[in-house]
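Working notes for the structure below.
The values are calculated or read from the model by the stated rules, or taken from the named source; none is laboratory data. Note that this is a predicted model, so its numbers are computed, not measured. Reconstructed Cβ throughout: ideal geometry from the backbone, glycine too, with neighbour counts over all protein chains shown. For accessibility, only protein heavy atoms count, side chains too; no ligands or nucleic acids. Shrake-Rupley method; radii C 1.70, N 1.55, O 1.52, S 1.80 Å.
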Amino acid sequence: VQLQASGGGLMQAGGSLTLSCAASGSIPGIDRMGWYRQAPGKEREAVATITSGGLTNYGDSVKGRFTISRDIRKNTVDLQMNSLQPEDTGVYYCHILANYFNYWGQGTLVTVSS
């Protein structure tokens with residue numbers, strides 16, 4: 001099973017983008033889904049996660065601006081990003097944790113210009 005992320009692109013500061021991630025097949029036993037990002041020269045960091053029960057967690061820098069949503073039955077997870085800032089620039093990766101196994105998407109580039 002592979003994760004396919006889409007929706008990245010170039011956006012001016014203050015704009016919005018929605019990232020989407022879909023699995024190529026069924027993934028039973030999903031515990032958590034989420035989005036991570038890696039900015040140039042920095043380590044990968046968690047942006048937003050959501051558990052199978054719907055509990056969400058956001059990185060401090062995106063709280064109030066980003067919203068994560070998921071459909072476990074469809075194995076999809078989206079990230080609505082509002083009020084984008086240049087510091088949000090990076091490669092965004094979707095992630096699914098299921099039965100102690102980590103699935104990663106290939107990454108989608110988000111570039112925010114000032």
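Pairs meeting the criteria (first residue in the range 10-32 and touching a residue at least 40 places away in the same chain (Cβ under 8 Å) and closer than 11 Å to VAL77 by Cα, second residue open to solvent by 30 Å² or more (accessible area, probe 1.4 Å) and not in a strand (DSSP E or B), beta carbons under 6 Å, at least 6 apart or on different chains) are THR18/GLY7; LEU19/GLY7; SER20/GLY7; ALA23/VAL1. When residues in the range 1-25 are screened for being at pLDDT 95 or above, open to solvent by less than 60 Å² (accessible area, probe 1.4 Å), at negative phi and more than 16 Å from the chain's Cα centre (by Cα), 3 of them pass. Considering the range 66-77, the residues that are buried (at least 22 other Cβ atoms within 10 Å of the Cβ) and not hydrophobic (A, V, I, L, M, F, W, C) include one that is nearest to SER24 (Cα to Cα), namely ASN75. Please verify whether LEU79 is of a type in the set (A, V, I, L, M, F, W, C), within 21 Å of THR56 (Cα to Cα) and modelled with pLDDT of 95 or more, treating the condition exactly as stated. In short, yes. In a residue-by-residue description of the range 28-35, the property of being part of a strand (DSSP E or B) and more than 14 Å from the chain's Cα centre (by Cα) applies to at least one position. In the range 40-53, the qualifying residues are those that are among the small types (Gly, Ala, Ser) and modelled with pLDDT of 95 or more, and the one that is least open to solvent (accessible area, probe 1.4 Å) is ALA48. Under the condition of being open to solvent by 60 Å² or more (accessible area, probe 1.4 Å) and either in a strand (DSSP E or B) or in contact with a strand residue (DSSP E or B) (Cβ under 7 Å, 6 or more places away or on another chain) (or both), the residues counted in the range 83-114 number 6.
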